[in-house]
Amino acid sequence: MRSLIEGSIKRRVTVAMFTVAVLLFGFVSFTRLKLNLLPDLTYPTLTIRTEYAGAAPVEIENLISKPIEESVGVVKNVLKVSSISRSGQSDVLLEFAWGTDMDYAVMEVREKMDSLELPLDVKRPIILRFDPSMDPIMRFALYSKNNKTFFGGPAPRRGEPINNASGVAENQETDSRSKSAYRSPPQGGRRRQAR
């Protein structure tokens, strides 16, 4: 360690030149560095959604989910196949290995789905891809104890100040007055449901 320090002191010009070169390369690299706030990130997942009106979850599982799972489970690079069977709807989730070309994977899944025979009443399956760039960056909620003063005005005009703000892409409103809520009872009173 001592020899390194002594060598640096004896060769001050060399050390200074090396330091300037590192700083220069660092500055040039920093100025050419690309910055992407929302990089193109696609999760390697697909969801096959199929609707079958009026069918119970057990029917959905036996008639739709299991056949779809068996059909698409052989697609290249599929790591995991799972399904959710609800009343009237089947969601089959496919997880692929990272680095899989998802456009090609969608094409392969479509080919498998075209050769699959489902009940006649079933709507054509839809293949959905998750796109994180479509998710909001920030969510927040506004509320007031006195809805008339804060949320007053006709429904179509209430969100105008928020929609007109710079950078706001979408504004969704829900009116709490139209939903059931429980009010706290007064001291010693009974709880009542408000509509």
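The values are calculated or read from the model by the stated rules, or taken from the named source; none is laboratory data. None of the values given here were measured: they were computed from a predicted structure. Note: ideal-geometry Cβ built from the backbone for every residue, glycine included; neighbour counts use all protein chains shown.
Taking region 96-125, which residues are assigned to a loop (DSSP other than H, G, I, E, B) and not aliphatic (A, V, I, L, M)?
Let us first name the residues in region 96-125 that are assigned to a loop (DSSP other than H, G, I, E, B), namely 97-101, 115-125.
Listed by number, the residues that qualify are 98, 99, 100, 101, 115, 117, 119, 121, 123, 124, 125.
Within region 71-85, can one find any residue that is in a helix (DSSP H, G or I) and in the same structural domain as residue 125 (by TED's automatic domain parsing)? Lay out the reasoning, then the answer.
Just the residues of region 71-85 that are in a helix (DSSP H, G or I), to begin with: 71-72.
Adding the requirement that they be in the same structural domain as residue 125 (by TED's automatic domain parsing) leaves 71-72.
Checked region 71-85: at least one residue is in a helix (DSSP H, G or I) and in the same structural domain as residue 125 (by TED's automatic domain parsing).
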Within region 103-120, track down each residue that is surrounded by fewer than 17 Cβ atoms within 10 Å (Cβ to Cβ) and in contact (Cβ under 8 Å) with a residue 60 or more places away in the chain.
106, 119
Within region 59-102, tally of residues that are within 22 Å of the chain's Cα centre (by Cα), closer than 21 Å to residue 123 by Cα and in contact (Cβ under 8 Å) with a residue 40 or more places away in the chain
6
Matching option when the condition is exposed (fewer than 15 other Cβ atoms within 10 Å of the Cβ) and either under 20 Å from residue 94 (Cβ atoms) or in contact with a helix residue (DSSP H, G or I) (Cβ under 7 Å, 6 or more places away or on another chain) (or both), among 15, 58, 22:
15
